[in-house]
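The values are calculated or read from the model by the stated rules, or taken from the named source; none is laboratory data. Remember, predicted model here, so these are calculated numbers, not experimental data. Please note that ligands, DNA and RNA were not included when accessible areas were found on the heavy atoms of the full protein model with its side chains. Shrake-Rupley method; radii C 1.70, N 1.55, O 1.52, S 1.80 Å.
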Amino acid sequence: IDVWSASSSSVVLSDESAEDMVARIAAKSAAANDAARAKADKEAAQKAGAKDGSSNLVLGVGAAGVALTLPFFLPNLLRLGSKLSSGGEDDGYGKR
């Protein structure tokens, strides 16, 4: 069977059968799918690595925030501890 095959660069008369053409197209599609799958896997690995780094950064910033503000509310926490340990008798501000 003579089949006209049109590609982007030229038109060629070929003697390929329909099964051969389907097999060629299927092979080309499989190769393209494998390349796309490999690219997607590579991008997913890069995103996972970036996610781990950003998670550590967020935890570090949170810990630094708590450590830097602790001096401002530490006296209140100490008063609360003395009030709770005394059952509400001592308000934590000293003797009256």
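For this structure, a couple of remarks:
- Phi to ³J(HN,Hα) by Karplus 6.51 cos²θ - 1.76 cosθ + 1.60 over the range 67-84, Hz, x for Gly, Pro: 5, 6, 9, 4, x, 7, 10, 4, x, 5, 5, 5, 5, 5, x, 5, 5, 5
- Counting only protein heavy atoms and a 1.4 Å probe, the range 31-74 has 82 square angstrom of accessible area per residue.
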